[in-house]
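The values are calculated or read from the model by the stated rules, or taken from the named source; none is laboratory data. Not measured: the values here are computed from a predicted model. Cβ sites come from the backbone with ideal geometry, for glycine too, and all protein chains shown count toward neighbours.
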Amino acid sequence: MTAMASDRIRHVSLSSVTLPLDVPVSDAKVLTGRQQPMTEIAFLFAELCTEDGHGGVGFSYSKRAGGPAQYAHAKEVAENLLGQDPSDIGKVYDTLLWAGASVGRSGVATQALAAIDIALWDLKAKRAGLPLAKLLGSYRDSVRTYNTSGGFLHAPVEEVKERAARSLADGIGGIKIKIGQPDMREDLRRLAAVRDHIGPDTPLMVDANQQWDRVSALRFGRAVEELGLVWIEEPLDAYDAEGHARLAAALDTPIATGEMLSSVAEHVRLIEAGAADILQPDAPRVGGITPFLRLAALADHAGLQLAPHFAMEIHVHLAAAYPREPWVEHFEWLDPLFEERLEIRDGRMLVPSRPGLGVTLSEQCRRWAVDGVEFGKL
């Protein structure tokens, strides 16, 4: 039996891309003065090429500040990739971690590595000729999907209702709307109007974006029990594990949280506290697919549902490989970055049959690049 010859990384390309949003977006953090409306998203793209001609692409992102910092850190450590066997993802990840050990193992330090790690997994799946979900070991060929982009607080309720109906007509399975306004009664009015518009049987979620204190969150949760919500998302500060645990114990409506956390260790604290019925990790935010898989194993062991945050192009694969039936968040914002589109049918997002992530960077994506750097030789 002949051993397979190892391949080596010969070229690394990093690019900083700024995606403009068509309309400034506001959630509870904007309406309460914590942030300004979001007008763009910063992306870090990593493209890898091997001596045998195999390639992979991955990305991380930041909403508002942080994108240039991710790009700067990636530039400092990326040269360590040259000559590495791309199949040894764990070894490569540790090499990059230790290269930047002084700035820690969470936040920007690992979000910069996420783009590279995701590119390594994309490359590995392409070498195998498999979609990433199949390489990981999928449980399903499609996942439940819900739309968030039509439910932001800058939109009047009539627009939210119209966009919800359009999403459902396009095959989306559930609708999530933003809440957490200064006047909770307005939240309740908007929520009741949307529930009435889409009917009692359509899955409906709400997202407070860390807006409330513990008393207000409990009061809201009790007020909406009869609406049959799929979950209440981030009712409290993202790091208030104890407060979320109290809500989860007190309410019939499930509590979902986790999207703002930037490491496996922070999610472990949520899991151990019983702070979430539904965990919402974000692969680019926790440092890539490698740490996401560790986290998913812990979540499954704890019997939790999974609903990964944002970046559906990545998360459709990771959700398909999770043992328990998950949800994936649908955002069309990233569509201009890629040549391909994910298919939605009968309330579900189909896992692409193309190898790897199944995405190719568009020419528009490359035109939006504000900086770039290359290592090695093509």
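Scanning segment 133-177 for residues that are assigned to a loop (DSSP other than H, G, I, E, B), crowded, with 20+ Cβ neighbours inside 10 Å and of a type in the set (F, W, Y) gives a single hit, F152. Exactly one residue out of T110, T145 is within 15 Å of I289 (Cβ to Cβ) and of a type in the set (S, T, N, Q): that is T110.
So, in segment 328-374, of the ones that are assigned to a strand (DSSP E or B) and out of contact with any Ser or Thr (no Cβ under 7 Å at 6 or more places or on another chain), which residue ends up surrounded by the most Cβ atoms within 10 Å (Cβ to Cβ)? Can you show your working first?
Taking segment 328-374 as the starting set, the residues that turn out to be assigned to a strand (DSSP E or B) are 328-330, 338, 344-345, 348-350, 356, 361, 369-374.
Imposing the further condition that a residue be out of contact with any Ser or Thr (no Cβ under 7 Å at 6 or more places or on another chain) reduces the set to 345, 356, 361, 373.
Numbers: R345: 12, G356: 28, L361: 17, V373: 14.
Ranking the candidates gives G356 first.
Looking across segment 291-321, the residues that are farther than 15 Å from L261 by Cα, part of a helix (DSSP H, G or I), in contact (Cβ under 8 Å) with a residue 24 or more places away in the chain and not hydrophobic (A, V, I, L, M, F, W, C) come down to D300, E313, H315, H317. Among residues of segment 91-102 being part of a helix (DSSP H, G or I) and more than 23 Å from the chain's Cα centre (by Cα), the one that is surrounded by the fewest Cβ atoms within 10 Å (Cβ to Cβ) is S102. Selection over segment 133-183 of residues that are among the aliphatic types (A, V, I, L, M), more than 30 Å from D300 (Cβ to Cβ) and free of Cβ contacts under 8 Å to residues at least 24 places away in the same chain gives a count of 2. Taking the criterion of being over 29 Å from T148 (Cα atoms), surrounded by 16 or more Cβ atoms within 10 Å (Cβ to Cβ), out of contact with any helix residue (DSSP H, G or I) (no Cβ under 7 Å at 6 or more places or on another chain) and of a type outside the set (S, T, Y), the residues of segment 1-50 that qualify are D7, R10, H11, C49.
Does R8 satisfy the condition of being touching a residue at least 60 places away in the same chain (Cβ under 8 Å) and not hydrophobic (A, V, I, L, M, F, W, C)? Yes; evaluated as a whole, the condition is true for this residue.
If the condition is being within 25 Å of D282 (Cβ to Cβ), out of contact with any Phe, Trp or Tyr (no Cβ under 9 Å at 6 or more places or on another chain) and either among the basic types (K, R) or assigned to a loop (DSSP other than H, G, I, E, B) (or both), then segment 211-236 contributes Q211, D213, R214, L229, E234. Return only the number of the condition from (1) in the same structural domain as A241 (by TED's automatic domain parsing); (2) at pLDDT 95 or above; (3) surrounded by fewer than 21 Cβ atoms within 10 Å (Cβ to Cβ) that I278 does not satisfy. Status for I278: all satisfied but (3). Screening A109 against (1) within 20 Å of the chain's Cα centre (by Cα); (2) outside any strand (DSSP E or B); (3) surrounded by fewer than 20 Cβ atoms within 10 Å (Cβ to Cβ) leaves a single unmet condition, (3).
The one condition from (1) under 29 Å from A133 (Cβ atoms); (2) part of a helix (DSSP H, G or I); (3) free of Cβ contacts under 8 Å to residues at least 60 places away in the same chain; (4) acidic (D, E) that E259 does not meet is (2).
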